[in-house]
Amino acid sequence: QVQLVESGGGSVQAGGSLRLSCAAFGYIASMNCMAWFRQAPGKEREGVASIYTGVGTTNYADSVKGRFTISQDNAKNTMYLQMNSLKPEDTAMYYCAAKGGWPCRDFVRYNFWGQGTQVTVSS
C-alpha cells in the first residue's frame, strides 16, 4: 500500500512561483513512476510532469515545459514540483500520483493518488 500526501498549494500572482511537495508513505520501493497531474473546473485531468524514480528521467507537458521542474529527494521519500512563471491558466487542483509500471511519460494507469492541493494564479 502507498499513501501520498501533498502540500504547498496556495494563491499567487501571475509570474510568481510555488513549490508543491508530495510525501510518500508505505511500500514505495516498487513505484517506478511518479507524476503530477492537474484538473481545472470544467476541464479534463491532464498530466503535468513525470519522473522515472529509479533513474530520474523526467517528462513535461508542453504547456509547462521550461517553467516547471519535477524532482525527487529519495532520502525524504518526497517528490517536488517547482512552478515558476505561473500563469492564470495554471490554476487547478494539482494531484500527486504513482504507479509501479511504466512508461511514466504517457500519464496513464497511475493508480495511487494524493488528495490534491489547490493552486490559484491571479492576473
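The values are calculated or read from the model by the stated rules, or taken from the named source; none is laboratory data. Every value quoted in this text rests on a predicted model; they were computed, and no experiment measured them. Note: ideal-geometry Cβ built from the backbone for every residue, glycine included; neighbour counts use all protein chains shown. Just the protein is used for accessible areas: all its heavy atoms, side chains included, with ligands, DNA and RNA removed. Shrake-Rupley method; radii C 1.70, N 1.55, O 1.52, S 1.80 Å.
Table for the structure above
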| read-out | value |
| --- | --- |
| Among Gly101, Gly15, Gly26: highest mean-square fluctuation, GNM of the chain, C-alpha pairs under 10 Å | Gly26 |
| Per residue accessible area of the chain, 1.4 Å probe, in Å² | 52 Å² |
| Per DSSP, loop GluC sites (Glu not before Pro) in region 1-47 with at most 16 further Cβ within 10 Å | Glu44 |
| Over the chain: Kirkwood hydrodynamic radius from C-alpha pairwise inverse distances, Å | 14.2 Å |
| Rounded to the nearest 10 Å², the accessible area of Val55 at probe 1.4 Å | 100 Å² |
| Apportionment of accessible area to carbon and sulfur, the chain, percent (1.4 Å) | 48 percent |
| Neighbourhood charge, 11 Å Cβ-Cβ cut-off, centred on Leu20 and excluding it, Lys, Arg +1 and Asp, Glu -1 | +1 |
| Candidates Ser63, Ser21, Ser50: whichever shows maximal mean-square fluctuation once the chain is modelled as a Gaussian network with Cα springs under 10 Å | Ser63 |
| Restricting region 1-88 to trypsin sites (Lys or Arg not before Pro) in coil, as DSSP defines it, with at most 16 other Cβ within 10 Å | Lys43, Arg45, Lys65, Arg67 |
| Listed residues Asp73, Asp90, Asp62 arranged by accessible area, highest first, probe 1.4 Å | Asp62, Asp73, Asp90 |
| Proximal charge balance of Val108 [Cβ under 15 Å; K/R count +1, D/E count -1] | +1 |
| ³J(HN,Hα), Karplus 6.51/-1.76/1.60, whole Hz, each residue of region 54-71, x for Gly, Pro | x, 10, x, 5, 10, 8, 9, 5, 4, 5, 10, 4, x, 10, 10, 9, 9, 8 |
| Reachable lysines from Lys87, criterion Cα separation under 28 angstrom, eight or more residues apart if same chain | Lys43, Lys65 |
| Lysines with Cα under 22 Å of Lys99, excluding same-chain neighbours fewer than 8 positions away | Lys76 |
| Gaussian network model of the chain, springs between alpha carbon atoms under 10 Å - residue of Gln13, Gln72, Gln39 with greatest fluctuation | Gln13 |
